[in-house]
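Asks: The structure that follows is given in the form of structure tokens.
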Amino acid sequence: RQRQMCIRDRKLTDRHGRIDFENVEALSQDLMDRKSIRTRFSIEIPHEAACNAIYASMLAEVKGRGHEFEHKPDTKHHIEEAAAWLTDALGKPGLMLLGKYGNGKTTLARAIGNLVGYITERELGYDNKMIMTLYQAKKICVLATRQDKQKEYDLIHSHQILVIDDLGEEPKEVLIYGQPQTPVIDLLEHRYNNQLITIVTTNLGTKTLAEKYGGRIYDRMREMFKLIPFQNESFRK
């Protein structure tokens, strides 16, 4: 390792020991080596196995609520897209499930979180398993505005697997000590920067999201989230 560093340093400096700024490739590599690169969590299993696992977790989620699971073509597509995201270590840190109400978005989000918890418990033990928490977007804003709930709001930022349900139902801004704040947007930005698993459900379409949050924030959302549109009708009867 020391010998490699010496060779690289010689490439980066001239005969007087000054940095050679014309050697862009060597300088870029050295800067990259010094960065602390965060990698997001992913499951290292084949795509087909991930599809089966998510399907099994959705079955458990639906049957646990006393309902029958309807495995329709749209659902199969949603599972396949979610599996591709969950097994891609180089993919986006967030997953956004968007579309009409009652068509399985929250069920899929819960299924993914429970599955990750199950796999990590089996592999790492109960004390080291990843735990999913789910918050309504409105509830996050309430926590941020209440002094007695500030600690809970702060803790949400570092939760291992966070599901934010019904994004867009919350006010875009809230007043905290008389100052306008954007607690949900700030939370999402923190989790993006730290590459933490974040799953969002919303009944809003992409156009409405852009109108509500503005072009700059929506563009950041597109960078953060893999989008899975839900176009099927409601399962609720």
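The values are calculated or read from the model by the stated rules, or taken from the named source; none is laboratory data. These figures come from a predicted structure and were not determined experimentally. Reconstructed Cβ throughout: ideal geometry from the backbone, glycine too, with neighbour counts over all protein chains shown. Calculation scope for accessible area: heavy atoms of the full protein, side chains included, ligands and nucleic acids excluded. Shrake-Rupley method; radii C 1.70, N 1.55, O 1.52, S 1.80 Å.
Asks: Please list the non-local residues whose amide H lies under 5 Å from the amide H of Leu95, H modeled 1.01 Å from N, same-chain partners needing a gap of 5 or more.
Replies: Amide H to amide H, under 5 Å and 5 or more residues apart or across chains, Leu95 pairs with Thr198, Ile199, Val200, Lys226.
Asks: Just check segment 162-229 against the gyration tensor rule for me: Cα atoms, a ≥ b ≥ c as the square roots of the eigenvalues, rounded for a/c under 1.5, and otherwise prolate or oblate depending on whether a/b exceeds b/c.
Replies: Since a/c reaches 1.5 but b/c is at least a/b, the shape of segment 162-229 is classed as oblate.
Asks: Using θ = phi - 60° and the Karplus form 6.51 cos²θ - 1.76 cosθ + 1.60, what ³J(HN,Hα) does each residue of segment 24-34 get, whole Hz, x for Gly and Pro?
Replies: 4, 5, 5, 5, 4, 5, 5, 5, 5, 5, 8
Asks: Hey, another quick one. If you take every DSSP beta bridge whose two residues both sit in the chain, what share of them, in percent to the nearest 5, is antiparallel?
Replies: Roughly 15 percent of the beta bridges in the chain run antiparallel, per DSSP.
Asks: Next up: Select from Glu25, Glu189, Glu170 the residue whose mean-square fluctuation is largest in a Gaussian network model of the chain (Cα-Cα springs shorter than 10 Å).
Replies: Looking only at Glu25, Glu189, Glu170, the largest GNM fluctuation is found for Glu25.
Asks: Still on this structure, please answer the following. Show me, for segment 188-197, the HN-Hα J-couplings you get by feeding each phi into the Karplus relation (A = 6.51, B = -1.76, C = 1.60, θ = phi - 60°), rounded to Hz, glycine and proline as x.
Replies: Ordered by residue, 3J(HN,Hα) equals 4, 5, 4, 5, 5, 4, 9, 6, 8, 4 Hz.
Asks: Of Lys139/Lys172; Lys92/Lys212; Lys129/Lys149, which pairs sit farther than 18 Å apart, going by alpha carbon to alpha carbon?
Replies: Beyond 18 Å: Lys92/Lys212; Lys129/Lys149.
Asks: So, with a 1.4 angstrom probe, what is the percent of accessible area on the chain that is carbon and sulfur?
Replies: Of all accessible area on the chain, carbon and sulfur atoms account for 49 percent.
Asks: OK, next. With a ≥ b ≥ c taken as the square roots of the eigenvalues of the C-alpha gyration tensor of segment 78-237, please select rounded if a/c is under 1.5 and otherwise prolate if a/b is larger than b/c or oblate if it is not?
Replies: Oblate, since a/c reaches 1.5 and b/c is not below a/b.
Asks: With an 8 Å cut-off on Cα pairs and a minimum separation of 6 or more residues, tell me the relative contact order of segment 72-157 in percent.
Replies: 13
Asks: Using amide H atoms built 1.01 Å from N in the peptide plane, name the residues 5+ places from Met130, or on other chains, whose amide H lies under 5 Å from its own.
Replies: Thr120, Glu121
Asks: What do you get for the angle between helix 105-124 and the principal long axis of the chain? Use alpha-carbon atoms, 0 to 90 degrees, nearest ten.
Replies: 60
Asks: When DSSP beta bridges are limited to those with both residues in segment 59-185, what percentage is antiparallel, rounded to the nearest 5?
Replies: Bridges in segment 59-185 that DSSP calls antiparallel: roughly 40 percent.
Asks: Within straight cross-link reach of Lys105, meaning Cα distance under 19 Å, which aspartates and glutamates are found once same-chain residues fewer than 8 apart are removed?
Replies: Glu61, Glu68, Glu70, Asp74, Glu80, Glu81, Asp165, Asp166, Glu169, Glu170, Glu233
Asks: With θ set to phi - 60°, apply the Karplus curve 6.51 cos²θ - 1.76 cosθ + 1.60 along segment 42-48 and write out the HN-Hα couplings as whole Hz, x wherever there is a Gly or Pro.
Replies: Whole-Hz 3J(HN,Hα) from phi for segment 42-48: 8, 9, 8, 9, x, 4, 4.
Asks: Counting other Cβ atoms within 10 Å, keep those with at most 16, restrict to DSSP loop, and tell me which chymotrypsin sites (Phe, Trp or Tyr not before Pro) in segment 30-88 are left.
Replies: Passing sites in segment 30-88 are Phe41, Phe69.
Asks: With the other protein chains left in place, how much accessible area per residue, in square angstrom, belongs to segment 184-227 at a 1.4 angstrom probe?
Replies: Roughly 45 Å² per residue, with all protein chains present.
Asks: Can you compute the helix-only [θ] at 222 nm over the chain? Use -39500 (n - 2.57) per DSSP H run of at least 4 residues, normalise by all residues, nearest 500 deg cm²/dmol.
Replies: -15500 deg cm²/dmol
Asks: Here's another thing I want to ask about it. Angle between the Cα long axis of helix 2-12 and the longest principal axis of the chain, 0 to 90 degrees, nearest 10?
Replies: So the inclination is approximately 80 degrees.
Asks: Given the options Gln181, Gln160, Gln147, which has the most mean-square fluctuation in a GNM of the chain, springs set between C-alpha atoms less than 10 angstrom apart?
Replies: Result: Gln147 has the largest fluctuation of those listed.
Asks: Additional query: Can you find, among Ser158, Gln181, Tyr118, the residue farthest towards the positive end of the dipole of segment 89-215? Put +1 on the C-beta of Lys and Arg, -1 on that of Asp and Glu.
Replies: Tyr118
Asks: Also, I was wondering about something else. Out of residues 5 or more away from Phe41 or on other chains, whose amide H comes under 5 Å of its own, with H placed 1.01 Å from N in the peptide plane?
Replies: Ile197
Asks: Another one. Just to be sure I understand: with springs between alpha-carbon atoms less than 10 Å apart, which residue in Ile19, Ile112, Ile45 has the highest mean-square fluctuation in the Gaussian network model of the chain?
Replies: For the chain, modelled as a Gaussian network with Cα springs under 10 Å, the answer is Ile19.
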